[in-house]
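*Asks:* Once you've had a glance at the structure underneath, I'll fire off some questions.
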Amino acid sequence: MQHSEMPGPRLAVTVANGVATLTLDNPAKRNAMTTAMWRALPEALVPLAADPAVRSLVLTGAGGTFCAGADISSLRRPGEDPQALSVRAEEALASFPKPTLAVVRGYCVGGGCQLAAACDLRFAAADARFGVTPAKLGIVYPASSTRRLARLVGPSAAKYLLFSGELVDSARALRTGLVDEVLPAAELGRRAAEFTRVLGTRSLLTQCAAKEFTDGRTDRDAFWAAAAAGSGDPAEGVGAFLERRSPRFTWTPAPDGS
């Protein structure tokens, strides 16, 4: 297992069994994101994207809370642009080339919901609460974040969240597509570990290509066709199926993402 404190306060990264876990750790403020934390998050993702040992990324919060949003005190500091920092962090997370999973306990509000929505999938505890709250502060939610939320939950559900700023429970989040699975809090960690283990047995070639295609990137079709043709994964997958054994996929992206 590797463990490191990435640049910036209270962003912890561990890597074990092919899974990188990035933990938002600011318990005194329910893991609210400071400007330093926003700034550090993209930097934390760079080595994980390039590490061939990392097959997937889990984003979670320390203790019983995912993230209560941005640290409001940082909004009043002159010379800071926390919204630009949050968008940069969100986009870095959304463009992480390997599968990402938000594991949500407790509050997932504001900037926390922004980060969770930037992940590929979201698993939540039954007692989790979700909200997008800029209307309570008179803030215009970023255009890119608004579009991502609307793609995820649909225009009507996105407007409900943005217009009202109200918190919704995990059952409603599941119905609207804001989360993918809801589990008792005691089972959430086990289920997340089980799911990432399954991801690690599948073809990363398939996963990375599927991520780009479903996220709407259309300029690399030829790249992925060539990657599949030059990879041993298709032959290994078919051979393993015919031989009734587990496949041993070997394709990994180059450090530069190609």
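Condition check ((1) surrounded by 16 or more Cβ atoms within 10 Å (Cβ to Cβ); (2) charged (D, E, K, R); (3) in contact with a strand residue (DSSP E or B) (Cβ under 6 Å, 6 or more places away or on another chain)) across all residues:
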position	(1), (2), (3)
Pro184	no, no, no
Arg191	no, yes, yes
Lys211	yes, yes, no
Ala222	no, no, no
Ala227	yes, no, no
Arg245	no, yes, no
Thr252	yes, no, no
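*Asks:* Still on this structure: Here are some residues: Thr23, Thr65, Thr60. Which one is assigned to a loop (DSSP other than H, G, I, E, B), of a type in the set (S, T, N, Q) and assigned by TED's automatic domain parsing to the domain that holds Arg88?
*Replies:* From the options Thr23, Thr65, Thr60, the qualifying one is Thr65.
*Asks:* Looking at (1) within 17 Å of Leu11 (Cα to Cα); (2) surrounded by fewer than 21 Cβ atoms within 10 Å (Cβ to Cβ); (3) in contact (Cβ under 8 Å) with a residue 40 or more places away in the chain, find the lone condition where Ile72 falls short.
*Replies:* All conditions are met except number (1).
*Asks:* So if I check each of Ala70, Ala116, which one is at pLDDT 95 or above and assigned by TED's automatic domain parsing to the domain that holds Val179?
*Replies:* When all the criteria are applied, what remains is Ala116.
*Asks:* Separate question: Read through the list (1) touching a residue at least 60 places away in the same chain (Cβ under 8 Å); (2) not in a helix (DSSP H, G or I), then give the number of the only condition that Asp127 fails.
*Replies:* Exception for Asp127: condition (1).
*Asks:* Can you name the residue in region 205-227 that is among the aliphatic types (A, V, I, L, M) and touching a helix residue (DSSP H, G or I) at 6+ places or on another chain (Cβ under 8 Å) and is also nearest to Glu91 (Cα to Cα) among such residues?
*Replies:* Ala209
*Asks:* Could I ask something else about it? Restricting attention to region 208-258, which residues are within 18 Å of Phe96 (Cα to Cα) and in contact with a Ser or Thr (Cβ under 7 Å, 6 or more places away or on another chain)?
*Replies:* Result: Trp251, single match.
*Asks:* Scanning for something farther than 26 Å from Leu188 by Cα, in a helix (DSSP H, G or I), modelled with pLDDT under 95 and not polar (S, T, N, Q), does region 88-101 turn up at least one residue?
*Replies:* no
*Asks:* Sort out for me the helices (runs of 4 or more DSSP H) sitting completely within region 136-192 that have 1 or more residues that are under 22 Å from Val58 (Cα atoms).
*Replies:* 143-153, 170-176
The values are calculated or read from the model by the stated rules, or taken from the named source; none is laboratory data. All values derive from a computational prediction rather than experimental measurement. Methodologically, a virtual Cβ is constructed for each residue, glycine included, from the backbone with ideal geometry; neighbour enumeration extends over all protein chains shown.
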